[in-house]
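Readers should treat all values here as calculations from the given coordinates under stated rules, not as data from a laboratory. These numbers were taken from a predicted model, which means no experiment stands behind them. Please note: Cβ atoms are built from the backbone with ideal geometry, for glycine as well, and neighbour counts cover all protein chains shown.
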Amino acid sequence: DPKIIQKPKYLVAVTGSEKILICEQYLGHNAMYWYRQSAKKPLEFMFSYSYQKLMDNQTASSRFQPQSSKKNHLDLQITALKPDDSATYFCASSRGGDAEQFFGPGTRLTVL
Amino acid sequence: QQKVQQSPESLIVPEGGMASLNCTSSDRNVDYFWWYRQHSGKSPKMLMSIFSNGEKEEGRFTVHLNKASLHTSLHIRDSQPSDSALYLCAASKGGNTGKLIFGLGTTLQVQP
């Protein structure tokens with residue numbers, strides 16, 4: 001059984017629209033993260049949450065908003081989508097601090 | 001310039017051979033190094049981590065760290081075709097945010 005679930009697996013959106021990427025983890029972890037991976041760029045840290053509180057935000061744009069309704073959920077809302085937002089978005093989780101991070105399968109977003 | 005630099009960009013080794021991958025951080029504030037492996041179309045999975053000067057071995061994988069130069073290397077002996085993947089090095093600072101700073105990676109191809 002997958003321990004980190006990301007939905008949807010693939011997502012196509014039009015420029016200017018809004019989408020929500022879903023992430024749930026069943027590892028009993030307290031910390032969750034979002035990363036983005038696009039062509040020719042390193043895997044990029046976006047947000048970290050611990051016990052549902054924001055710990056770090058490296059995303060310059062307010063168009064990206066994480067939402068944590070439960071301890072094991074960390075969704076990512078993206079508004080006013082742009083073609084540059086096209087990437088694979090990975091959710092990850094860990095026991096917190098400097099513990100190993102486990103990555104989910106990713107959501108591949110394409111913005112037309 | 002990337003804060004975490006990896007070399008070589010790509011590497012081809014014969015089956016049974018030794019693969020050596022390098023990684024250096026230009027950010028002197030990092031404390032921990034991580035090696036992740038990402039097969040094509042999949043999510044990154046942690047291979048090894050190293051926090052102290054010296055060497056650590058796990059099966060066919062050995063990682064070295066020189067904290068003075070912030071250089072780490074990953075060595076894979078008896079390489080197998082299933083080792084063909086993108087190898088990502090990440091660095092992190094001690095603390096609670098869990099932010100991982102990734103390099104662009106080394107693409108390893110093991111030829112049967």
Given trypsin sites (Lys or Arg not before Pro), DSSP loops and at most 10 other Cβ atoms within 10 Å, the longest exposed-site-free stretch of chain A is A:71-112
In whole percents, the bins of 10 Å from zero upward hold the Cα-Cα pairs of the protein assembly as shown as 8, 33, 35, 20, 4, 0
Those trypsin sites (Lys or Arg not before Pro) from the range B:9-112 that are DSSP loop and have at most 10 other Cβ neighbours within 10 Å turn out to be B:Arg28
Number of Lys pairs in chain A closer than 21 Å at Cα, excluding neighbours under 8 places apart unless interchain, is 15
Note to self: C-alpha centroids of the range A:54-91 and the range B:14-58 sit apart, in Å, by 27
A convex hull over the alpha carbons of chain B yields, per residue, a volume in Å³ of 98
Counting only DSSP loop positions in the range A:15-57, the chymotrypsin sites (Phe, Trp or Tyr not before Pro) whose Cβ has at most 12 other Cβ atoms within 10 Å are A:Tyr26, A:Tyr51
In nm, the gap between the two label points placed 7 Å beyond Cα toward Cβ at A:Leu54 and B:Met46 is 2.6
Within the range B:33-107, DSSP-loop chymotrypsin sites (Phe, Trp or Tyr not before Pro) with at most 16 other C-beta atoms within 10 Å are B:Phe51
For chain A, inverting the pair-averaged 1/r of distinct alpha-carbon atoms gives a Kirkwood value in Å of 13.9
